[in-house]
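The values are calculated or read from the model by the stated rules, or taken from the named source; none is laboratory data. These numbers were taken from a predicted model, which means no experiment stands behind them. Cβ atoms come from the backbone with ideal geometry, glycine included; neighbour counts cover every protein chain shown.
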Amino acid sequence: MNNQELEKKVKQFTSELAYTKGYVCSVDVLIKLGYLTEGDYQDWRFGRIPYLEKACQTNLHKLSTINRLIRKYSAEWNLDKSWTAYHKWGRGPKKVLIFSKSRDQQIETLYATHFMNKKRISELKTEKQIKITSSSETKTKHQETNSLVDRLDATTT
């Protein structure tokens with residue numbers, strides 16, 4: 001994929017993620033681009049891969065370009081920066097995970113920064129609450145209906 005195609009894809013995925021999740025992070029964009037598999041991501045999170053870049057199926061220049069484009073579009077859309085710690089999953093000590101072989105602090109920070117769409121996050125939380133509320137109301141109605149059916153069955157026998 002050339003840089004022009006890459007820029008279009010990163011813009012598209014950044015926009016999609018900001019809407020669907022309420023935030024954008026490098027890892028999600030890399031997965032959507034196909035440069036990082038879900039399995040490799042999980043292996044990294046469980047500490048089976050020493051640093052994230054090792055699992056990425058592209059070169060460091062492209063990874064740097066992707067991070068730069070994510071920052072560019074996030075700034076254009078006024079998304080808020082939020083540094084996020086990535087800790088090892090599973091058993092054992094919850095050590096902080098490494099993104100790059102160099103362990104350069106600036107590179108680590110770029111990977112670990114999430115860009116938040118606070119308005120959309122608020123909307124998603126509201127939608128989730130509505131869904132939970134309507135789900136519990138539906139369960140209550142089913143319980144009431146079942147109770148009525150049980151009473152009717154008891155009176156007919």
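Here are the numbers for this structure:
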{"item": "Qualifying helices (runs of 4 or more DSSP H) (wholly inside the stretch 11-86; at least 2 residues being of a type in the set (A, V, I, L, M))", "result": "26-33, 52-55, 60-76"}
{"item": "Verdict on Gln4 being among the polar types (S, T, N, Q) and at pLDDT 95 or above", "result": "no"}
{"item": "Answer from Ala18, Ala75, Ala85 - the residue that is surrounded by fewer than 18 Cβ atoms within 10 Å (Cβ to Cβ), in contact with a Leu (Cβ under 9 Å, 6 or more places away or on another chain), more than 17 Å from Leu6 (Cβ to Cβ) and among the small types (Gly, Ala, Ser)", "result": "Ala85"}
{"item": "Test result for Tyr111, modelled with pLDDT of 95 or more, part of a helix (DSSP H, G or I), over 18 Å from Lys9 (Cβ atoms) and of a type in the set (Ser, Thr, Tyr)", "result": "yes"}
{"item": "Search result, residues across the stretch 88-123 that are more than 11 Å from Tyr23 (Cα to Cα), of a type in the set (A, V, I, L, M) and buried (at least 16 other Cβ atoms within 10 Å of the Cβ)", "result": "Leu97, Ile98, Ile107, Leu110, Ala112"}
